[in-house]
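Note sheet for the following structure.
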Amino acid sequence: APPECPFCGEAAGRELEEHVRVRHGHLLGAPGTGNGEQLYECPMCSLTCTNIQILEEHVDLHLEEHNFSEGGNIGDLELAQQLQTEEDERQRSEEEKRENEEFKKLQRQYGLDNSGGFKQQFLKNMEREVDRGRMQPFEYHKRKADMLESLASGIDDGKTKTSGVIEALCKYYQNDNKDVRHVWLSAGVDHFHSSLGDRGWGCGYRNFQMLLSSLLQNSFYNDCLKDTTLIPSIPKIQSMIEDAWREGFDPQGASHFNNRLHGSKAWIGACEIYSLLTSLRIKCQIIDFHKPTGPVGTHPRLFEWILHYYSADNEGGAKVVCTSKPPIYLQHQGHSRTVVGIEEKKNKSLCLLLFDPGCSSQQMQKLLKQNDGTGLKLLRKFVGSLKEKQYQIVAVDGVLSLEEKAARCCASQVLTSEKIP
């Protein structure tokens, strides 16, 4: 409320001082004392003065204080609110900027930033090699021509492939009698490693190539793969996954990629592998090891499941069992690998044998040339070596009829994996 005059009670607002001077100035004086001295009493605090100028200055102080208390506090509140609003807006702006940066970082990390795909990365990395003197121009042009031919045909050029490793492992285990009690190996698998075109994001595609290389060697899958007789290139695999989405597989996953993989560096995982295999009428399942089942964040149940997968139909006393089982696709956050076998030590501990797309052909060749088993450290993973929070596997276990494929397509509208408790 506006300040009131202390003499008449009238609301005077911010003009109180002028109102008192004009309307009530005569009241500032008071009768004198008995000794003839004139006294002036303050109408606000009853202070008595003997000098009218002193009283006026005193009243001025009252009026200034009154104006400050009535109007100044409102100004301070408005200022505080304004400052708080500005601070909230600044924090909100910084949070939006941080969220945008994190989103762009995730887009780059998962290849969804429209920065090009296999072809663009391959050419860019080769140009960098030429600039650094690690590749001659003639080699650049030859490899560019080979790459373009591979992309045009949709067939992998095979330059990152290593064959014969499973056969070499079988011979090694038959001759080695140290600490391995039993070993189960998958059917023949070719190893594929990442190249200049997919380094940093292509592990899922390379693992699919490994799995497919095994299925193509098994006549049981001939009918399913009659249109896929050779290993497809990574861009071709991307198109094949898009075809599976168009058939109706995993619409939720498709929307995550905006229904587009070809021409990108998008990472794929177990759901995309499942959709692609099922669209080819290959029967498979996703198993989700969604939490550790052992001490120190380990996953012994994962090892036990894989042991059962390889050994269920291959029981017996043989030390080395070369099964007809396809390899297993193994996924965790940020990377995927291919399980090609499992060891059971004499102390009953288990050890997975993994093909990693990050291992080069030169490293894999050691497994073909060495007989002392030193190269096996590239493949061996014990229980204590796998400590990611979650793992998913895609395991092939047969062929689907057209009716079964259609049923699985409908079921994938709400695609879920089997979770190991």
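The values are calculated or read from the model by the stated rules, or taken from the named source; none is laboratory data. Note that the coordinates shown come from a computational prediction; the quantities given were computed from them, not determined experimentally. Methodologically, a virtual Cβ is constructed for each residue, glycine included, from the backbone with ideal geometry; neighbour enumeration extends over all protein chains shown. Surface accessibility is based on the protein's heavy atoms, side chains included, excluding ligands, DNA and RNA. Shrake-Rupley method; radii C 1.70, N 1.55, O 1.52, S 1.80 Å.
Structure data summary
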{"item": "Matching option when the condition is open to solvent by less than 30 Å² (accessible area, probe 1.4 Å), over 20 Å from Gln362 (Cβ atoms) and of a type in the set (S, T, N, Q), among Ser186, Ser153, Ser194", "result": "Ser186"}
{"item": "Residue within segment 106-118 that is in a helix (DSSP H, G or I), surrounded by 14 or more Cβ atoms within 10 Å (Cβ to Cβ) and at pLDDT 80 or above present", "result": "yes"}
{"item": "So Ile286, is it touching a helix residue (DSSP H, G or I) at 6+ places or on another chain (Cβ under 6 Å), buried (at least 18 other Cβ atoms within 10 Å of the Cβ) and closer than 23 Å to Glu388 by Cβ", "result": "yes"}
{"item": "Residue under evaluation Trp267, criteria (1) over 22 Å from the mean Cα position of the chain (by Cα); (2) aromatic (Phe, Trp, Tyr); (3) part of a loop (DSSP other than H, G, I, E, B), criterion not met", "result": "(1)"}
{"item": "Residue check for Pro292: in contact with a Lys or Arg (Cβ under 8 Å, 6 or more places away or on another chain), part of a loop (DSSP other than H, G, I, E, B) and more than 17 Å from Val394 (Cβ to Cβ)", "result": "yes"}
{"item": "Segment 61-77, subset farther than 19 Å from Cys8 by Cβ and open to solvent by less than 70 Å² (accessible area, probe 1.4 Å), residue modelled with the highest pLDDT", "result": "Gly75"}
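So that you can scan it fast, the table gives a plain yes or no per residue for (1) on the phi > 0 side of the Ramachandran plot; (2) modelled with pLDDT under 95; (3) assigned to a helix (DSSP H, G or I):
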{"residue": "Tyr205", "(1), (2), (3)": "no, no, yes"}
{"residue": "Phe208", "(1), (2), (3)": "no, no, yes"}
{"residue": "Cys224", "(1), (2), (3)": "no, yes, no"}
{"residue": "Ile237", "(1), (2), (3)": "no, no, yes"}
{"residue": "Asn259", "(1), (2), (3)": "yes, yes, no"}
{"residue": "Leu277", "(1), (2), (3)": "no, no, yes"}
